[in-house]
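In what follows, a structure is listed as structure tokens, so that the remarks can point back to it.
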Amino acid sequence: MNIPTNRRILLIDDMPSIHDDFRKILASPEPAPDELDEDEAALFGSTALPAPHTFELDSAFQGREGAARVEAALQEGRPYAMAFVDMRMPPGWDGVETIEQLWRIDPRLQVVICTAYADHPWEEVLARLDVRDRLLVVKKPFDMVEVSQLARTLTAKWDLARQAESHVDGLEQAVAALRQSNEELEVFAHSLSHDLRSPLGIMSSFSGLLERELEAQASEKVRHYLARIRASAAFGEQLVEGLLVLDRVSRVELCIEEVDLSGLALRLLNEFAAADPQRQGSIAVQEGILARCDRRLAQVAMKELLDNAWKFTVCSAQARIEVCSQAGEDGEPVYVVRDNGCGFDMSYADKLFRPFQRLHTLQEFPGTGVGLLTVRRIIDRHGGRVWADARPGEGAAFHFTLPSAPPQLLPHRKPVDAQEKGTRT
């Protein structure tokens, strides 16, 4: 937005001679640079003289009159950029009360107090006025150059402040439009995910019915094709479910409370163990890890991280999964899920938390590429960070913080550690 320059100045002083002096300084036209100055600048590469400043100077002889002029200027849409205000103007308002009234009408007005002496200590003046960065003081008698420079500087400052406000308004509108667009995309994704479930379910059901209908008549190739259809439909359903979970964690209103992450991790690991009793290895969960976060989202994030560790330790002869908390560099607690699985090359680490990014094929490890993205969305909503470090063949560690409220640790006790084949604690 192109904001025109504002050179409107109001002088509030009870002495007519002061108004004459200011008019000579500010309202008299400045000489424009002549052709010889411009030729010299072009010939020798020097800076040409700036264009002359012209100010529109209005007068008021009492504080009430000045306040009325400021209010009228605002109503006309032609506000003053600055005002020179005398400190003593009997019998009406003094300078302090005048400035208080001016700023009630127009808080953007730049003000210069003009005074030979004041009836109030300056500490009292500053305490009464909400000064911020919009008040200066000039002592009488005035210096012509000083008054001119104050006028140039403060009117330019007013212009720059309006330009900044315009840019901020533009950014806020852009952010609002982007937020609306994101909400519309989320609604579309949510609707699309639900709509996709029906055809995927039909694919899976009818491929099974077709296989039973053919029974012994189906060749091995046909059976392979039908199995591929069912596997693809199942993967599609997993992907849709992952997208719906991602949508839910993005929409749910946070309910911050104290959550026992240790107990949560143990319960989830026990569920994994019950579903796969043949797995051999051990887990170690530090007791007493408490954090203030949303319980529902913490469970989703922890489940995704532990599922990730469980899946990628299948290649280890003696799998080990560890959950603990440690102090970060700034003293902030960092929560860690560590495993001794296949690990990964850190050059690919930036892909981990991107949508649908996978470091392995489906034949190597199952997964949709949505789980770690969901973890990042949850941690982001808590104002935290999540990152990973790993080495190929040596395992991986996922770290995250939850700074929405200061987490706590109960007194440290020996970690729960089980190392019996086929069992989990």
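Computed values, structure above
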read-out: Filter pass, residue 326 being under 27 Å from the mean Cα position of the chain (by Cα), exposed (fewer than 14 other Cβ atoms within 10 Å of the Cβ) and modelled with pLDDT of 80 or more; value: yes
read-out: Some residue of region 156-164 being basic (Lys, Arg) and outside the structural domain of residue 245 (by TED's automatic domain parsing); value: yes
read-out: Residue count, region 50-87 (criterion: touching a helix residue (DSSP H, G or I) at 6+ places or on another chain (Cβ under 8 Å) and touching a residue at least 60 places away in the same chain (Cβ under 8 Å)); value: 11
read-out: Of all residues in region 37-80 being within 17 Å of residue 25 (Cα to Cα) and assigned to a loop (DSSP other than H, G, I, E, B), the one that is modelled with the highest pLDDT; value: 55
read-out: Looking only at region 110-147, and only at residues there that are closer than 15 Å to residue 97 by Cβ and among the acidic types (Asp, Glu), the one that is modelled with the lowest pLDDT; value: 119
read-out: Flag if residue 198 is over 30 Å from residue 403 (Cβ atoms) and surrounded by fewer than 13 Cβ atoms within 10 Å (Cβ to Cβ); value: yes
read-out: Selection count, region 200-244, where residues are touching an Asp or Glu at 6+ places or on another chain (Cβ under 9 Å) and assigned to a helix (DSSP H, G or I); value: 8
read-out: Residues within region 58-97 that are hydroxyl-bearing (Ser, Thr, Tyr) and buried (at least 21 other Cβ atoms within 10 Å of the Cβ), tallied; value: 1
read-out: Members of region 293-313 that are at pLDDT below 90 and either in contact with an Asp or Glu (Cβ under 9 Å, 6 or more places away or on another chain) or at positive phi (or both); value: 308, 309, 310, 312, 313
read-out: Qualifying residue in region 270-284 (condition: out of contact with any Pro (no Cβ under 7 Å at 6 or more places or on another chain), in a helix (DSSP H, G or I) and buried (at least 18 other Cβ atoms within 10 Å of the Cβ)); value: yes
read-out: Any hit, region 230-248, residues being among the basic types (Lys, Arg) and over 36 Å from the mean Cα position of the chain (by Cα); value: yes
read-out: Strands (runs of 3 or more DSSP E) lying entirely in region 335-425 (those with 2 or more residues that are touching a Lys or Arg at 6+ places or on another chain (Cβ under 6 Å), at pLDDT 60 or above and of a type in the set (S, T, N, Q)); value: none
read-out: Qualifying positions in region 302-320 - out of contact with any Cys (no Cβ under 6 Å at 6 or more places or on another chain) and either under 13 Å from residue 397 (Cβ atoms) or part of a helix (DSSP H, G or I) (or both); value: 302, 303, 304, 305, 306, 307, 308, 309, 310, 311, 313, 320
read-out: Odd one out for residue 253, checked against (1) part of a helix (DSSP H, G or I); (2) free of Cβ contacts under 8 Å to residues at least 40 places away in the same chain; value: (1)
read-out: Among the candidates 234, 291, 273, residue that is under 30 Å from residue 380 (Cα atoms) and touching a strand residue (DSSP E or B) at 6+ places or on another chain (Cβ under 8 Å); value: 291
read-out: First in region 315-330 and in the same structural domain as residue 267 (by TED's automatic domain parsing) and charged (D, E, K, R), second anywhere and at pLDDT 85 or above and surrounded by fewer than 18 Cβ atoms within 10 Å (Cβ to Cβ), Cβ under 7 Å, 6 or more apart; value: 322/284
read-out: Matching residues, region 122-156, being surrounded by 15 or more Cβ atoms within 10 Å (Cβ to Cβ) and under 34 Å from the mean Cα position of the chain (by Cα); value: 129, 134, 135, 154, 155, 156
read-out: Residues (surrounded by fewer than 18 Cβ atoms within 10 Å (Cβ to Cβ) and in contact (Cβ under 8 Å) with a residue 40 or more places away in the chain) located in region 337-354; value: 345, 346, 349
read-out: Residue count, region 89-143 (criterion: in a strand (DSSP E or B) and among the hydroxyl-bearing types (Ser, Thr, Tyr)); value: 1
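The values are calculated or read from the model by the stated rules, or taken from the named source; none is laboratory data. Only a predicted model underlies this, so the values are computations on that prediction, with no experimental measurement involved. Note that each Cβ is placed from the backbone with ideal geometry, even for glycine, and that neighbours are counted across all protein chains shown.
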